[in-house]
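The values are calculated or read from the model by the stated rules, or taken from the named source; none is laboratory data. As the structure is a computational prediction, the values presented were derived from the model and not from experiment. Because the Cβ atoms are built from the backbone with ideal geometry, glycine has one as well, and the counts that use them run over all protein chains shown. Each accessible area value is taken on the protein alone, full model and side chains, heavy atoms only, with ligands, DNA and RNA left out. Shrake-Rupley method; radii C 1.70, N 1.55, O 1.52, S 1.80 Å.
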Amino acid sequence: MTVAKSIADRLDDYVNVETGELDRRIFSDEEIFELEMEHIFGRAWLFLCHESQIPKRGDFFEAPMGRDNVLVVRQRDGSIKALLNTCAHRGNAVCRADEGNVKNFMCTYHGWTYDLAGELVGVPGMKDFYNDELDKTKYPLKRVAQLDVYKGFVFATMDPEAPKLADFLGPMGRISLDTIAERGNIQVVPGIQKFVLKTNWKFPVDNTFDFYHPQITHISAQAVGMMPSSPDNIDAGGAKTPEGTKLGVQRLPTDLDTLVLLAEYGHAISGPSWKAMLSTLPPEYQGLFAWRDRPEAVAALGPVGLQVAGHPHIFPNSWLTVDAQLSLRIPRSVDTTEVWWFTFNNLDDSPEDQRAHVGRAIHAFGPAGFLEQEDGENWSQSAMQTRGGAARDVPQLLKMGLGRGKIIHEDGLARIEAPVNEHAQLWTYLAWKEWLKRPSWDELRRKTTPGDCI
Ligand code: FES
Ligand SMILES: [Fe+2]
């Protein structure tokens, strides 16, 4: 008699790092989604918000932690707490606003009221209906297990056993956040952009490191002059950009110098190296990166970090862009993903530069973003087309550069220098698989420590 393997036993088959093949069920299986919620989003340190969003006491911001929602609240003493937005009575939200300033939180169902620290301070009918017998001290709003801040970036975890935030981030996670934090006097532009995509959250995460798709997916962006188009392009039927450049599929830059960093717990950075990025940018963009000359930035990023111009990703779902934005890909169900965009301005920049930055941000990403609309179509179609009974038996491929990613260990970082590749995607799925096995934190760290090659 054959016994069906449990999902935990099948994880090594689902992500085969030797062959570069994935089982497509990981994008549509409800049971796997539940494991992700418990073992990844229930344990990892997750980005909640930036301190500049809650400067005054009573300021709050509602942030996602997987399917949970927490109220990140500035306390009277200046500290920060994160409280689950669910009433201890019957579970209703105690706050319906995305952000704001309050003296307390009153549930809109029966009126139970909580102070800024989440303590239950008011129960209507305490004497008449409860005979003064309800012990209010027993029913506070549940708090996250740990909360910490790195250079203004607020993170929390639901796991009391999780390592300290600085250890979870490690040098690579800290460099990722430094690419925004070290620009100067940064703060979040008010108004977080939020929208819903019908896709599994791992498709957008995978795409974070994908420098193979822009030539095709973003051909419309080339057509309107938003992305560079070259006369060497492969012809696309005579179409031209507004400037008269022949439009076509950009030839793949086979010699594109890319830099991949891999790190413990599944963090990764991948994309063009700084040198390659600068060579592709028109002169008017070169000044955007002057902040990298600041002595504080040089010290924080270090020699390898200063070469990074690709896409940093803090496992499991935080992507930081080269233009000072942070994107969360929030799993709400196996095929429903919310995408949130935080845009950071440097208050030391001129008002014109700050406005221009916000304009670029809205134009590229978020619900009105040209690039993200093109990407979002791919992610939704990929989710829909891989979940069919026959389609899900077709393996998902990650074979580019497979086995050729020689890892260089230097300055406490693990890096690969190579042409366009899929190493960071494979690394992310490898880590994902290890998280789902729910090892101890020490074992997880060991299993996700980069070796010599991928
Ligand atoms: S559910 Fe909140 S007061 Fe009843
Ligand atoms: Fe894209």
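For the condition open to solvent by 40 Å² or more (accessible area, probe 1.4 Å), under 27 Å from residue 346 (Cβ atoms) and of a type in the set (D, E, K, R), what is the one hit in 99, 38, 62?
99
When you go through 149, 154 one by one, which is the residue that is among the aliphatic types (A, V, I, L, M), surrounded by fewer than 20 Cβ atoms within 10 Å (Cβ to Cβ) and outside any loop (DSSP other than H, G, I, E, B)?
Details: 154 fails: surrounded by fewer than 20 Cβ atoms within 10 Å (Cβ to Cβ).
Only one candidate qualifies: 149.
Determine if region 108-119 includes at least one residue that is modelled with pLDDT of 95 or more, open to solvent by less than 40 Å² (accessible area, probe 1.4 Å) and of a type in the set (Asp, Glu).
First, pick out the residues of region 108-119 that are modelled with pLDDT of 95 or more: 108-119.
Then drop every residue that is not open to solvent by less than 40 Å² (accessible area, probe 1.4 Å), which leaves 111-114, 116-118.
Those still in the list that are of a type in the set (Asp, Glu) too: none.
Within region 108-119 (the criterion being modelled with pLDDT of 95 or more, open to solvent by less than 40 Å² (accessible area, probe 1.4 Å) and of a type in the set (Asp, Glu)), the answer is no, since none of the residues qualifies.
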*Would you mind finding the one in 438, 445 that is in contact with a helix residue (DSSP H, G or I) (Cβ under 6 Å, 6 or more places away or on another chain), open to solvent by 70 Å² or more (accessible area, probe 1.4 Å) and either within 16 Å of ligand 1 (Cβ to nearest atom) or assigned to a loop (DSSP other than H, G, I, E, B) (or both)?*
438
*Please go through region 193-225 and pick out each residue that is touching a residue at least 60 places away in the same chain (Cβ under 8 Å), more than 10 Å from ligand 2 (Cβ to nearest atom) and among the polar types (S, T, N, Q).*
193, 199, 200, 220
*Mind checking which helices (runs of 4 or more DSSP H) fall wholly inside region 193-251 and carry at least 3 residues that are modelled with pLDDT of 90 or more?*
202-207
*asked:* It is to be established whether one or more residues within region 56-72 are within 16 Å of the chain's Cα centre (by Cα), modelled with pLDDT of 95 or more, on the phi < 0 side of the Ramachandran plot and assigned to a loop (DSSP other than H, G, I, E, B).
replied: yes
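Does region 191-201 hold any residues that are open to solvent by 10 Å² or more (accessible area, probe 1.4 Å) and touching a helix residue (DSSP H, G or I) at 6+ places or on another chain (Cβ under 8 Å), and which are they?
Going residue by residue through region 191-201, those that are open to solvent by 10 Å² or more (accessible area, probe 1.4 Å) are 191-198.
Selection gives 193, 197, 198.
Can we say residue 129 is modelled with pLDDT of 95 or more, in a strand (DSSP E or B) and at negative phi? Spell out the reasoning first.
Details: modelled with pLDDT of 95 or more: yes; in a strand (DSSP E or B): no; at negative phi: yes.
Criteria not met by residue 129.
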